[in-house]
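Note sheet for the following structure.
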Amino acid sequence: MAGTPEFAPQALQTLRRLRFSAATAAFQIEGARTLGGRGRNIWDDFVDDPGKVIDSSTADPGPDSYHRSAEDVELLAGLGVDRYRFSISWVRIIPDGKQGTEPNAVGLDYYERLVDELLAAGVTPEPTLYHWDLPSGLEATGGWLNGDTVHRFGEYVDAVADRLGDRVRHWYTINEPASTSLQGYALGDLAPGRAMLFDALPSVHHQLLAHGTATKILREHGAAQVSAASNHSLILPETDAGADHAAAAVLDLIHNRLFADPLLLGEYPDLDALGIQMPIRDGDMELISTPSDVYGLNYYNPTTVHGVAEGPLPFEMVPTPAAATTGFGPLWPIRPETLRDFLIDMRTRYGVRLPPIVISENGASFPEPEACTGPIRDDERIAYLHDHLEAVAEAIEAGVPIAGYTVWSLLDNFEWADGYTQRFGLVHVNMETGQRTPKSSYGWYRDLIASVRP
Ligand code: BGC
């Protein structure tokens, strides 16, 4: 068995500058899909459609955090994290998502209780307002392809901020707009399961507008920190051939720059070559690029591409050469140095327009038992987290402003179309009983946080 990896003294010193967090998302942990006046969202529709989720699981009860949030808070307090990134379910607050619907008091009460429990435990709440769970009623009218959804999002954010804005000062607006646009609308492997290829791109603009709208509302409610959580990946060409480099440039454009450029520079990269026109109206770009206090960045792995001469897309993803892979196999390689390189690229690309970065998600799944009969020694997860934190320290030392780091995830949970087959938690969850058992990575993260505190 490999020994526990140690940080060099310099790296430990550098990591002292970070605030540490752990993350989850409502649909992935709450269960209780029909309780408390909750409405339906696109993930309810997805899981209820037979064959969509690999193991036919429905996220209910899953970790059942709707009933067990006090245990989650206790685990967070034991971990010693500064913050907890969880998400608020839109349909617990506005069940049908529609204009003029009275906010659901039971849903607001649930999140208020969670926030109060966190604060009492000394953990700063940092909720995400949208983690992929669009109300079904809004998807029926075009979802993120329809600009009206932005206004409905604003009303929901207003209701949440009215109730929680006096206690919650740190917010994430939209989680991974790239995943929603590319996997949800363009390719269809995530909800809402559309396969529109480049016609999906208005969903990018509307999610970014939703981010800008929420930022304004939250600021009016006294927020101290607001950002999106954008997922990025260092894109690598498979070979040195011109076609592979061109393919890598296209994917970098639509996966990274299409989101970071408007947020940080107030303009889209040049999309003419792709024949894409964004539905931009006066004032949109100013709203989208409302300065954020930090830049939330989710990072898991690099992506390698191969040029494709003829086909619906000009690239194809191929395995990245790597010493090791995660539970997802070859398309999810472990290459921590690519996080350092990507962070340095961000600084080079955006210069002084880049606010301090917060790594808003980083983590990995590995095969682990469904039932826990003894301690879970997840040495591979510890090595993954250690090596990525070392990459973060190297990026800071190279001059990239980085303010925080977040492990995905606090708990094993419902991994979207992969159901319960991928376990990301610092804490094992038995999906039959809800029982929580900290893995050895939980102790490792706790000790790391303790060792960098004064
Ligand atoms: C998402 C999480 C997801 C994780 C692992 C991110 O893309 O924000 O909801 O569980 O990655 O796939």
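Give me the extension gain from M317 to Q99: residue separation times 0.36 nm, minus the current Cα-Cα distance, reported in nm with one decimal.
Answer, rounded to one decimal: 74.4 nm.
When the distances between all Cα atoms of the range 1-83 are binned every 5 Å from zero, what whole-number percent does each bin get?
The calculated distribution, bin by bin, is 3, 11, 15, 16, 12, 11, 12, 8, 7, 4, 0.
Separation between the I280 and E220 pseudo-spin-labels, each 7 Å from Cα along Cα→Cβ, expressed in nm?
It works out to 2.6 nm between the two label points.
For the chain, what D do you get in µm² per second when you plug the Kirkwood radius from alpha-carbon pairs into Stokes-Einstein at 10 °C and 1.306 mPa s?
Working: Rh = 22.1 Å.
Roughly 72 µm²/s, to the nearest whole number.
What is the percent of Cα-Cα separations in the range 1-147 that go past 18 Å?
Details: 6807 of 10731 pairs.
So the pairs more than 18 Å apart make up 63 percent of the total in the range 1-147.
Could you please report the charge total around L265, scoring K, R as +1 and D, E as -1 over all other residues with beta-carbon less than 11 angstrom from its beta-carbon?
Numbers: positive: R257, R349, R353; negative: D261, E267.
Overall, the nearby charge balance is +1.
Karplus couplings for the range 434-450 from phi (6.51 cos²θ - 1.76 cosθ + 1.60, θ = phi - 60°), rounded to Hz, Gly and Pro as x?
So the J values, rounded to whole Hz, are x, 4, 9, 9, x, 8, 5, 5, 4, x, 5, 5, 4, 5, 4, 4, 4.
After finding the eigenvalues of the alpha carbon gyration tensor for the range 263-329, what semi-axes result from the square roots of 5 times each, listed largest first in whole Å? Kindly include the intermediate steps, with their values, before the conclusion.
Values: eigenvalues 197, 95, 13 Å².
So the three semi-axes of the range 263-329 are 31, 22, 8 Å.
Which residues in the range 236-265 have a backbone N closer than 13 Å to a point placed 7 Å from the Cα of L271 along the Cα-to-Cβ line?
Only 253-263 fall inside the zone, counting backbone N under 13 Å.
Where does the range 328-445 land on the Kirkwood hydrodynamic radius, alpha-carbon pairs, in angstrom?
Values: mean 1/r = 0.0646 Å⁻¹.
Averaging 1/r across every pair of different Cα atoms and inverting gives 15.5 Å.
How high is the relative contact order of the chain, in percent, counting Cα pairs under 8 Å that sit 6 or more residues apart?
Details: 949 pairs, mean separation 83.7, N = 454.
Answer for the chain is 18 percent.
How much of the pair distance distribution for the range 185-240 lies past 15 Å, counting alpha-carbon pairs only, in percent? Don't skip to the answer; put the middle values down first.
On the way: 1035 of 1540 pairs.
It works out to 67 percent of all Cα pairs.
Only the coordinates and a few stated rules stand behind these numbers; no lab work does. Remember, predicted model here, so these are calculated numbers, not experimental data. Neighbour counts run over all protein chains shown; Cβ positions are idealised from the backbone, glycine included.
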